[in-house]
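Student: The structure's right below; bear with me while I get my questions together.
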Amino acid sequence: MTEEVQAAVLPEHIKREIDHWIAKYPADFKQSAVIPALHIVQEQMGGYLTPELMAAVADYLEMPRVAVLEVASFYSMYDLKPVGRHKICVCTNVSCALKNSGKVIEHLEKRLNIKLGETTADGKFTIKSVECLGACVGAPMFQIGKEYYEHLTPEKIDTILDNLK
Ligand code: FES
């Protein structure tokens, strides 16, 4: 992120939500709220983190902008470019890989006619590979929005996608 990037203006209600998290830490550790702050901003301000939004979070938490970029680019739950209305986060970590998450991705790619990391032309779906989502017992699994879908099969995947508006 270059220094010229202007921070976006965070709306008051977003600041209040971030303040809720800041209050959980000692006064001089505001930056500890960076993870939830990025979640709040991503979820409520367009679905992905622009350089301007990351700069705004950094400024609000009084931390270096590059440190926010490091966090946002490290964790797979953050997106730095636009995503589809339904972001399909396929777990490809060990348990899911052993239970054939590769086949899940293959099926999604074929059905949606896009590759992993891409978004359909109508902006409806994005397929993304993510790290363990803590539902290993249900492997292979993916997350769409706040929902977890487990023990996936091609038939089950088709039904899930058919039911999404
Ligand atoms: S390895 Fe996939 S949920 Fe844990």
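The values are calculated or read from the model by the stated rules, or taken from the named source; none is laboratory data. As the structure is a prediction and not an experimental result, all values here were calculated from the model. These area figures cover heavy atoms from the full protein model, side chains too; ligands, DNA and RNA do not enter into them. Shrake-Rupley method; radii C 1.70, N 1.55, O 1.52, S 1.80 Å.
Student: Please list, in chain and number order, the residues 5+ apart from VAL130 or on another chain whose amide H is under 5 Å from its amide H, with Hs placed from the backbone.
Tutor: VAL90, CYS91, THR92
Student: Against the longest principal axis of the chain, how steep is helix 12-22, in degrees 0 to 90 to the nearest 10, with axes from Cα atoms?
Tutor: Approximately 90 degrees, to the nearest ten.
Student: Using the scaling law 2.2 N^0.38 Å as the reference, what is the normalised Cα Rg of the range 3-74?
Tutor: Compactness ratio reported: 0.99.
Student: So what's the angle, to the nearest 10 degrees on a 0 to 90 scale, between helix 65-74 and the longest Cα principal axis of the chain?
Tutor: Helix 65-74 sits roughly 10 degrees off the main axis of the chain.
Student: Return the inverse of the average 1/r over all pairs of distinct C-alpha atoms in the range 51-165, which is the Kirkwood hydrodynamic radius, in Å to one decimal.
Tutor: Taking every pair of different Cα atoms in the range 51-165, averaging 1/r and inverting gives 15.1 Å.
Student: Computing the accessible area with a 1.4 Å probe over protein heavy atoms, can you report the carbon and sulfur percentage for the chain?
Tutor: 56
Student: Within straight cross-link reach of LYS110, meaning Cα distance under 25 Å, which lysines are found once same-chain residues fewer than 8 apart are removed?
Tutor: Result set, ordered by chain and number: LYS81, LYS87, LYS99, LYS124, LYS128, LYS146, LYS156, LYS165.
Student: Given the options PRO154, PRO26, PRO140, which has the most mean-square fluctuation in a GNM of the chain, springs set between C-alpha atoms less than 10 angstrom apart?
Tutor: Largest GNM mean-square fluctuation: PRO26.
Student: Still on this structure: Under a 1.4 Å probe, what is the accessible area of the range 3-74 per residue, stated in Å²?
Tutor: On a per-residue basis, 56 Å².
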